[in-house]
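Novice: Let me begin by handing over the structure; questions about it come next.
The values are calculated or read from the model by the stated rules, or taken from the named source; none is laboratory data. If you're wondering where the values come from, they're calculated on a predicted model, not measured in any experiment. Ideal geometry is used to build each Cβ from the backbone, glycine not excepted, and the neighbour counts take in all protein chains shown. Accessible surface areas use protein heavy atoms only, side chains included; no ligands, DNA or RNA. Shrake-Rupley method; radii C 1.70, N 1.55, O 1.52, S 1.80 Å.
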Amino acid sequence: AQTVTQSQPEMSVQEAETVTLSCTYDTSESDYYLFWYKQPPSRQMILVIRQEAYKQQNATENRFSVNFQKAAKSFSLKISDSQLGDAAMYFCAYDFFISSGSARQLTFGSGTQLTVLP
Amino acid sequence: KAGVTQTPRYLIKTRGQQVTLSCSPISGHRSVSWYQQTPGQGLQFLFEYFSETQRNKGNFPGRFSGRQFSNSRSEMNVSTLELGDSALYLCASRASGGTHNEQFFGPGTRLTVL
């Protein structure tokens with residue numbers, strides 16, 4: 001079974017600084033996607049960034065970028081120039097095709113609570 | 001385009017009762033998935049519906065069921081509620097079930113079982 005591990009339950013960063021959140025996963029599949037979702041106190045799950053496993057180039061979305069190491073099964077999120085609005089729970093998620101047709105499901109890590117200090 | 005909507009947002013029930021939660025996907029999205037979020041178990045997949053058919057189900061007891069209508073709206077039902085069913089239930093929709101489209105989440109329904 002696929003698993004996603006986030007080993008940092010909590011992280012903090014000073015405003016305007018850079019922080020990296022870690023994620024590792026376990027899979028025997030070669031075709032999959034990885035995501036970082038953000039869940040602020042409102043509980044709305046918001047997609048931050050996604051990475052296709054077949055792409056070697058790391059994804060970037062404005063201040064958010066990933067370091068995708070396929071062989072190591074590692075997928076970390078770097079937040080540059082941290083802002084107070086970045087404070088949230090961050091979830092790493094794995095998306096794969098399961099055997100039954102094209103059915104899909106997300107497998108989430110346990111989350112990292114990010115605090116941004118003013 | 002309106003996002004995913006879920007109703008009700010908050011619900012309080014007692015043990016043994018049943019509950020129905022509703023989810024309206026983004027217009028044009030045909031895939032709807034449900035997830036349960038609890039402090040102890042985190043985010044867990046419940047089931048996915050596509051074109052009114054359940055395509056995948058997570059490891060939950062039969063008390064958890066769902067359905068999808070022809071307009072892609074989905075409902076999930078939990079019968080004989082237990083205290084452990086207290087959770088945030090998230091619904092997510094996707095444009096197509098066959099490609100790597102990301103899932104867009106609704107605001108969730110907070111269910112409290114007393």
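Novice: Which value, in Å to one decimal place, does the Kirkwood hydrodynamic radius take for the protein assembly as shown when every pair of different Cα atoms is included?
Specialist: 18.2 Å
Novice: How high is the relative contact order of segment B:6-95, in percent, counting Cα pairs under 8 Å that sit 6 or more residues apart?
Specialist: 38 percent
Novice: Let me check I've understood the local charge: for A:D86, count other residues with C-beta under 15 angstrom from its C-beta, Lys and Arg +1, Asp and Glu -1. What total comes out?
Specialist: Surrounding charge for A:D86 is -2.
Novice: Keeping all protein chains in place and using 1.4 angstrom, which order do A:R50, A:R104 fall into by accessible surface area, from largest down?
Specialist: A:R50, A:R104
Novice: Give me the Kirkwood hydrodynamic radius of chain B in Å, from all C-alpha pairs, to one decimal place?
Specialist: For chain B, inverting the mean 1/r across all distinct Cα pairs yields 14.0 Å.
Novice: 7 Å from Cα along Cα→Cβ at both B:F60 and A:Q113: what's the point-to-point distance in nm?
Specialist: 2.5 nm
Novice: Same structure again: Give, rounded to the nearest 20 debye, the magnitude of the charge dipole that chain B has about its Cα centre when Lys and Arg contribute +1 at Cβ and Asp and Glu contribute -1 at Cβ.
Specialist: The calculation lands at about 140 debye.
Novice: Let me ask something else about it. How much net charge surrounds B:D85 when only the other residues with a Cβ under 13 Å from the Cβ of B:D85 are counted, with Lys and Arg +1 and Asp and Glu -1?
Specialist: After counting each charged neighbour, the total is +3.
Novice: Assuming R0 = 22 Å, what is the FRET efficiency of B:A2 and B:R67, from their Cβ-Cβ distance, to the nearest 0.05?
Specialist: Rounded to the nearest 0.05, the efficiency is 0.50.
Novice: In the P(r) worked out for chain A, what percent of Cα pairs fall beyond 24 Å?
Specialist: Considering chain A, 23 percent of its Cα-Cα pairs are separated by more than 24 Å.
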